[in-house]
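The values are calculated or read from the model by the stated rules, or taken from the named source; none is laboratory data. Predicted model, so just to flag it, every value in this text is computed and none were measured. Note that each Cβ is placed from the backbone with ideal geometry, even for glycine, and that neighbours are counted across all protein chains shown.
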Amino acid sequence: MDKLTKFLVSCRMTQMVSNQELLKLIQVINNSSGNVLAGLKYLQVVFGQGKFDKFLLLFRSIDLANVEALNFWDPMYPKQLRQIYNPPALLFYKGKKNLLLSNCLSIVGSRKASEYSFHCVAGLVPKIVDRYTVVSGLATGVDTWAHQATLDHLGNTIAVIGSSLDVAYPNKNAKLQQRIASTGLLLSEYPPGSQIKPWHFPQRNRIIAGLSEKVIVTEAKLKSGALITAELALDSNREVLAVPGRIDSALSAGCNKLIQDGAIPLINFNEI
């Protein structure tokens, strides 16, 4: 890691500096010709002396061994991800970071998806693995199937997780998470040692959408993480494709609504 990244990672690992504050720190340091001391002075003003003293104690005790990360201005940081609202200032990673510069397509859907999604993923992935890196969120259901199918067809996959890289969540995906870290790319904006919070997962979805040229939704309820990802993708001018489903199925209600609102109905996997 370069000097700026080490500084930002140490700040983040104190658990006292938010992502938005990190983005401001990057701006302050850039305006000071890369002087990280300007960042410390900025935090001193923002925190006040008492909180800043506590921060410094934590900051100086941070161990960066085995931590891999890249910052917002790193050449490996995807340009399209910089364009989203509240982009991650840091990406913690394990695996092949060069996949960040590949053409990415995300596949998302319900955690409690039906066999309909399973068959859609099984039919879709072989059509795209030679052209796209498949991105998903390592949740149960569609995410898991998308990652597994891609690996089984010797493709590249990126898992964007809502926990830190040192935590397997859900636990039953621990082996899959390890496999992706070894053969693909595991990403998180949360530093090692972070506690899992409920809002991490919808926040994670903006990264999935931001990395991708196209977002495919196989099944989703009207209120679901997959639908949030699709809406974020539309907001970022990404192409959203939705698999149409039965009008009496709650799991297809989200996809059918996306199509009604202008998403592309995915009815032929050969046309992607």
Is it the case that segment 169-181 has a residue that's outside any helix (DSSP H, G or I) and either hydroxyl-bearing (Ser, Thr, Tyr) or surrounded by fewer than 21 Cβ atoms within 10 Å (Cβ to Cβ) (or both)? yes
Within segment 3-110, which strands (runs of 3 or more DSSP E) (wholly inside it) include 1 or more residues that are under 26 Å from Ala159 (Cβ atoms) and of a type in the set (Ser, Thr, Tyr)? 90-95, 104-108
Looking at this structure, is Leu165 on the phi > 0 side of the Ramachandran plot and in a loop (DSSP other than H, G, I, E, B)? no
If you scan segment 239-258, which residues turn out to be surrounded by fewer than 20 Cβ atoms within 10 Å (Cβ to Cβ) and either of a type in the set (Ser, Thr, Tyr) or more than 21 Å from Glu115 (Cα to Cα) (or both)? Glu239, Ser249
Of the conditions (1) more than 17 Å from the chain's Cα centre (by Cα); (2) closer than 16 Å to Thr218 by Cβ; (3) among the aliphatic types (A, V, I, L, M), Ala146 satisfies every one except a single condition; which number is it? (1)
Answer yes or no as to whether Ser188 is surrounded by fewer than 16 Cβ atoms within 10 Å (Cβ to Cβ), modelled with pLDDT of 95 or more and small (Gly, Ala, Ser). no
Taking segment 114-138 and keeping only residues that are out of contact with any strand residue (DSSP E or B) (no Cβ under 9 Å at 6 or more places or on another chain) and closer than 19 Å to Ala233 by Cβ, one is left with Ser117
Pairs, please: C-beta under 6 Å, at least 6 apart or cross-chain, first residue assigned by TED's automatic domain parsing to the domain that holds Ser136 and in segment 168-190, second crowded, with 16+ Cβ neighbours inside 10 Å and assigned to a helix (DSSP H, G or I)? Ala168/Gln177; Leu185/Leu99; Leu186/Ile180
Residue tally, condition among the charged types (D, E, K, R) and exposed (fewer than 11 other Cβ atoms within 10 Å of the Cβ), over segment 192-206: 0
Pull up segment 7-64, narrow it to residues that are among the small types (Gly, Ala, Ser) and either more than 23 Å from Pro87 (Cα to Cα) or exposed (fewer than 14 other Cβ atoms within 10 Å of the Cβ) (or both), then point me to the one that is nearest to the chain's Cα centre (by Cα). Ser18
Residues located in segment 111-138, provided they are among the hydroxyl-bearing types (Ser, Thr, Tyr) and in a loop (DSSP other than H, G, I, E, B): Ser114, Tyr132
